[in-house]
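The values are calculated or read from the model by the stated rules, or taken from the named source; none is laboratory data. Keep in mind that this is a model prediction, so the values were computed, not measured. So basically every Cβ, Gly included, is an ideal-geometry build from the backbone, and we count neighbours across all protein chains shown. The accessibility values were calculated without ligands, DNA or RNA, using every heavy atom of the protein model including side chains. Shrake-Rupley method; radii C 1.70, N 1.55, O 1.52, S 1.80 Å.
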Amino acid sequence: MKLIIVSGLSGSGKTVALRTLEDAGYYCIDNLPLALLSTTIEKLLQHNKSLHQDIAIGIDIRTGESELATLPEVCASLNSDRLACRILFLQADNGTLLR
(Lines give C-alpha, C1' and ligand atoms only; values in the text may rest on other atoms or scores of the structure.)
Protein backbone atom coordinates (compact mmCIF):
# COMPACT_ATOMS: atom_id res chain seq x y z
CA MET A 1 0.00 0.00 0.00
CA LYS A 2 1.22 3.52 -0.75
CA LEU A 3 0.85 6.56 1.47
CA ILE A 4 1.40 10.04 0.06
CA ILE A 5 1.48 12.89 2.56
CA VAL A 6 0.54 16.11 0.78
CA SER A 7 1.69 19.31 2.46
CA GLY A 8 2.88 22.76 1.51
CA LEU A 9 2.17 26.44 1.55
CA SER A 10 -1.38 27.76 1.73
CA GLY A 11 -2.65 28.28 -1.82
CA SER A 12 -0.09 25.96 -3.41
CA GLY A 13 -2.65 23.42 -4.61
CA LYS A 14 -2.86 20.79 -1.87
CA THR A 15 -6.59 20.32 -2.29
CA VAL A 16 -6.27 20.06 -6.07
CA ALA A 17 -3.52 17.47 -5.63
CA LEU A 18 -5.69 15.46 -3.23
CA ARG A 19 -8.65 15.58 -5.64
CA THR A 20 -6.39 14.35 -8.44
CA LEU A 21 -5.09 11.51 -6.27
CA GLU A 22 -8.67 10.63 -5.33
CA ASP A 23 -9.56 10.44 -9.04
CA ALA A 24 -6.56 8.09 -9.42
CA GLY A 25 -8.06 5.73 -6.82
CA TYR A 26 -6.45 6.93 -3.59
CA TYR A 27 -8.40 7.10 -0.34
CA CYS A 28 -7.93 10.77 0.63
CA ILE A 29 -8.14 12.64 3.92
CA ASP A 30 -7.65 16.41 3.96
CA ASN A 31 -6.42 18.59 6.85
CA LEU A 32 -5.49 15.81 9.24
CA PRO A 33 -3.53 17.07 12.26
CA LEU A 34 -0.03 15.60 12.23
CA ALA A 35 -0.53 14.30 15.77
CA LEU A 36 -3.26 11.95 14.45
CA LEU A 37 -1.31 10.64 11.44
CA SER A 38 0.20 7.49 13.00
CA THR A 39 -3.04 6.45 14.70
CA THR A 40 -5.04 7.04 11.52
CA ILE A 41 -2.64 4.95 9.44
CA GLU A 42 -2.74 2.12 12.00
CA LYS A 43 -6.55 2.07 11.84
CA LEU A 44 -6.56 2.14 8.03
CA LEU A 45 -4.05 -0.71 7.86
CA GLN A 46 -6.21 -2.79 10.20
CA HIS A 47 -9.07 -2.40 7.72
CA ASN A 48 -6.88 -3.06 4.68
CA LYS A 49 -9.04 -5.93 3.40
CA SER A 50 -12.05 -3.66 2.99
CA LEU A 51 -10.06 -0.60 1.90
CA HIS A 52 -7.88 -2.01 -0.93
CA GLN A 53 -6.68 1.48 -1.76
CA ASP A 54 -3.59 3.57 -1.55
CA ILE A 55 -3.87 6.55 0.81
CA ALA A 56 -3.21 10.28 0.43
CA ILE A 57 -3.39 12.58 3.44
CA GLY A 58 -3.26 16.37 3.45
CA ILE A 59 -1.30 17.88 6.34
CA ASP A 60 -1.63 21.65 6.57
CA ILE A 61 1.43 23.80 7.25
CA ARG A 62 -0.62 25.51 9.98
CA THR A 63 0.15 22.41 12.04
CA GLY A 64 3.14 24.43 13.22
CA GLU A 65 6.71 24.65 12.01
CA SER A 66 8.24 22.70 14.87
CA GLU A 67 5.73 19.87 14.52
CA LEU A 68 5.92 19.93 10.71
CA ALA A 69 9.71 19.62 10.93
CA THR A 70 9.16 16.12 12.35
CA LEU A 71 7.22 15.01 9.25
CA PRO A 72 10.20 13.28 7.56
CA GLU A 73 10.85 11.22 10.70
CA VAL A 74 7.16 10.35 11.05
CA CYS A 75 7.06 9.26 7.42
CA ALA A 76 10.21 7.15 7.86
CA SER A 77 8.72 5.48 10.93
CA LEU A 78 5.59 4.57 8.95
CA ASN A 79 7.55 2.82 6.18
CA SER A 80 7.18 -0.94 6.43
CA ASP A 81 6.61 -4.03 4.32
CA ARG A 82 2.95 -3.08 4.08
CA LEU A 83 3.30 0.67 3.57
CA ALA A 84 5.51 2.92 1.43
CA CYS A 85 5.31 6.52 2.68
CA ARG A 86 6.25 9.52 0.52
CA ILE A 87 5.93 13.28 1.07
CA LEU A 88 4.65 15.63 -1.63
CA PHE A 89 5.45 19.21 -0.57
CA LEU A 90 3.85 21.89 -2.75
CA GLN A 91 4.85 25.52 -2.98
CA ALA A 92 4.14 28.53 -5.16
CA ASP A 93 5.96 31.80 -5.69
CA ASN A 94 4.66 34.94 -3.97
CA GLY A 95 3.22 36.41 -7.19
CA THR A 96 1.11 33.34 -7.78
CA LEU A 97 -0.05 33.27 -4.17
CA LEU A 98 -1.03 36.96 -4.31
CA ARG A 99 -3.14 36.38 -7.43
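General observations
- The angle between the Cα long axis of helix 14-23 and the main principal axis of the chain comes to about 40°, on a 0 to 90 degree scale.
- Under 5 Å, built H, 5+ apart or other chain: amide partners of Phe89: Ser7
- Binned Cα-Cα distance frequencies in the chain - 10 Å width, integer %: 15, 49, 29, 6, 1
- Environment charge of Ser7, counting only residues whose C-beta is closer than 9 Å and scoring Lys/Arg +1, Asp/Glu -1: 0
- Solvent-accessible surface of the stretch 7-99, taken per residue with a 1.4 Å probe and all protein chains present: 64 Å².
- From its DSSP helices (H runs of at least four residues, each -39,500 (n - 2.57)), the chain gives a residue-normalised ellipticity at 222 nm of -10000 deg cm²/dmol.
- Relative to the longest principal axis of the Cα atoms of the chain, helix 37-46 runs at roughly 30 degrees.
- With R₀ set to 30 Å, the beta-carbon distance separating Asp81 from Leu9 gives a calculated FRET efficiency near 0.35.
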